[in-house]
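So the structure is just underneath, and the comments pick up after that.
Coordinate-derived values only; no laboratory data. This one's a predicted model, so the numbers in the text were calculated from it and none came from an experiment. Note that each Cβ is placed from the backbone with ideal geometry, even for glycine, and that neighbours are counted across all protein chains shown.
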Amino acid sequence: MDAMDEELKCPVCGSFFKDPIILPCSHNVCLACARNIIVQTPEGETPPHSGASGTSDYDYLDMDKMSMYSETDSGYGSYTPCLKSPNGVRVFPPALVHRHCSITCPLCHRSVSLDERGLRGFPRNRLLEAIVARYQQSRSIAVKCQLCDRNPVEATVMCEQCDVFYCTPCQQRCHPSRGPLAKHRLMPPTQVPGASQQQPTAARKLATCAEHDLENYSMYCVSCKTPVCYQCLEEGKHAAHEVKPLGGTWKHHKCQLSQALNGVSDKAKDAKEFLVQLKMMLQQIQENGVEFEACLVAQCDALIDALSRQKAKLLTKVTKEREYKLKVVRDQITHCTMKLRQTTGMMEYCLEVIKENDPSGFLQISDALIRRVLSSQDQWVKGALEPKVGPEFDLTLNTDPLLQAILQLDLVQGKGFQESPLLTHMHAGRLKEAGIPGAETSKVPPAPLLQLEQCCTLNNSATLAWRVPMPPGGIVDGYVLELDDGDGGQYREVYVGKETVCTVDGLHFNSSYNARVKAYNPMGVGPYSKTVVLQTSDVAWFTFDPSTAHKDIVLSNENQTVSCSSYDDRVVLGTAAFSKGVHYWELTVDRYDNHPDPAFGVARINTMKDMMLGKDDKAWAMYVDNNRSWFMHNNSHTSRAEGGITKGSTVGILLDLNKRNLTFFINKEQHGPVAFENLDGVFMPAVSLNRNVQVTLLTGLEVPKILQQ
């Protein structure tokens with residue numbers, strides 16, 4: 001009951017409640033303590049704040065304005081810690097009786113005014129008073145040590161096994177916590193049920209006759225099978241019964257009991273040997289159980305590992321599908337936002353034009369403005385306002401066969417495990433790695449043969465072909481193609497499927513890649529083929545890409561010459577993608593009318609195609625007219641440079657991904673400073689122009705020596 005002490009102690013004096021009263025806030029204080037914390041304020045005097053010199057450290061209150069129960073009133077007292085009371089609350093002697101009196105709860109600090117009855121107006125908590133009395137009475141009963149010779153002292157521990165109460169000296173002397181007694185449990189006497197009633201037993205008295213208190217037993221009545229005294233025989237109650245001397249009968253019965261114990265002793269000896277056997281069996285069961293569990297866990301872990309690997313592959317597919325859908329929707333949002341912004345701006349401009357009252361000025365621009373508005377209407381066709389992908393994932397995972405196979409896993413009587421369909425469908429190579437018996441690798445596919453005459457590279461793409469010389473009856477479920485990183489690093493899977501020809505795009509230029517392939521079937525994964533080395537091109541040969549170009553772009557000359565059918569700027573990308581190395585290409589200006597601003601540079605594949613290159617954050621460009629140029633990225637214009645282009649000019653682009661920067665040239669001379677730095681990722685050549693410009697792409701160029709210096 002020690003945990004209940006705090007509930008039974010007054011918050012003011014820190015002692016057990018004595019004559020407790022209940023405050024309106026439901027907290028309790030002793031009656032005497034309540035008298036000490038009454039706050040009295042003389043009439044007309046402003047009470048000082050807590051901590052100021054005065055008769056109390058409590059906050060004084062305007063009692064006429066105080067609500068007795070409202071928590072929103074400012075009727076909360078304050079306390080100053082003090083060492084004069086056990087719980088650190090300062091108490092105050094009764095003051096003179098004044099007009100206004102109040103008492104503040106020491107726990108919740110809620111104040112309440114006293115009426116004419118004073119403290120008699122608060123009820124007595126007789127239930128709490130009774131509990132305190134009963135609690136103190138139970139604590140006053142002490143259990144005495146049972147081993148003290150004289151004047152036993154209060155016991156401090158009780159041995160649960162010996163059922164004996166000890167004081168500290170007797171426990172250290174007679175019941176040390178070592179040897180065979182180390183495992184005994186010692187507990188406080190207060191935790192022993194009924195410990196307060198357990199007292200040491202008195203010494204046993206000599207046996208006396210139950211009917212004659214002054215006579216001791218001296219004879220044994222055979223008929224009644226009970227000890228008797230001489231007075232019992234004289235009174236005639238046992239006179240006709242057969243009686244024997246008490247001592248002789250006692251010895252005879254002890255002899256009979258000893259003989260019976262001899263027979264039981266033999267049985268006990270057999271029982272001890274049997275117990276030894278059972279204890280040895282316990283150890284054997286424990287060891288066999290651990291070994292059996294380890295085998296079971298190993299087999300189940302192998303199944304879980306195989307499932308986890310397959311789960312990772314499936315999650316990768318889902319992630320790719322999600323990223324693809326997100327990319328398409330984000331691109332469509334960006335495209336639609338830009339279109340809407342352009343359309344809104346054009347509408348506001350047209351409204352301002354309509355407001356003007358200058359007929360001649362209006363007619364000068366009306367034809368072009370009408371065509372522009374009509375062209376803008378064509379952009380919002382029905383297909384442009386429909387999502388390109390849906391939110392649903394058209395993927396289904398059929399787990400029913402696998403779940404049924406898992407549910408069939410069970411233990412059978414006898415050694416080993418029952419073979420389930422799940423085990424037979426696992427790759428034998430993985431079963432062997434997991435150490436599961438029964439894994440066969442004799443029918444895995446042989447190593448594929450690479451068809452070197454069909455293996456080739458083009459720019460930064462590589463094509464590989466292979467075949468597998470399978471024996472009769474052999475099967476192949478698919479192939480795994482692996483390439484290293486082009487720098488002698490680790491291999492990674494680039495293709496898994498049933499095809500025997502594969503083209504890998506997006507490799508680094510001027511790099512050597514090692515490639516290998518292996519086949520697999522339900523029995524496992526076969527060995528790797530021989531390694532083939534693929535060398536990508538030193539320089540990039542590429543053209544403009546019609547599949548990603550804006551619909552107003554017009555390509556000719558085998559996609560090397562580009563023009564535009566619109567007065568607005570349109571973007572076209574190259575077919576090459578660069579992520580490593582130094583690359584240089586040029587564009588020759590074939591036509592240049594009315595001083596437009598074509599832009600040249602690099603971009604991500606998802607850059608906007610219906611505006612000038614560099615307007616969004618996915619393109620880095622230089623736009624130039626016949627007099628000057630600017631660098632632009634994310635619609636930010638920087639580094640104006642004098643000098644422009646004319647018909648026949650050559651614009652060069654140097655993308656140095658070793659130094660991660662981009663530099664522009666006009667007619668073989670560097671134009672302006674280094675345009676952009678800290679470039680990282682994959683970049684594609686890009687151009688934006690309108691119908692007043694036509695350019696031709698020149699690729700496969702080495703970096704001129706003048707540019708390398």
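Here are some notes:
- Across LYS339/LYS388; LYS325/LYS615; LYS388/LYS618; LYS311/LYS530, pairs whose alpha-carbon gap is larger than 19 Å: LYS325/LYS615; LYS388/LYS618; LYS311/LYS530
- Rounded to the nearest Hz, the phi-derived 3J(HN,Hα) couplings of segment 352-363 under the Karplus curve 6.51 cos²θ - 1.76 cosθ + 1.60 (θ = phi - 60°) are 5, 5, 5, 5, 5, 10, 9, x, 5, x, 5, 5, where x marks glycine and proline.
- Summary of packing: across the peptides 250-261, 688-699, the per-residue average of other C-beta atoms within 10 Å ranks them, highest first, as 688-699, 250-261.
- Exposure proxy ranking, count of Cβ atoms within 10 Å, fewest first, for ILE605, ILE666: ILE605, ILE666
- Positive-end residue of LEU654, GLY614, PRO598, charge dipole of segment 553-708 with Cβ unit charges: LEU654
- Positive-end residue, segment 499-566 charge dipole about Cα centroid, Cβ charges, pick of HIS550, PHE509, SER529: SER529
- At most 12 other Cβ within 10 Å, DSSP loop - GluC sites (Glu not before Pro), segment 634-702: GLU702
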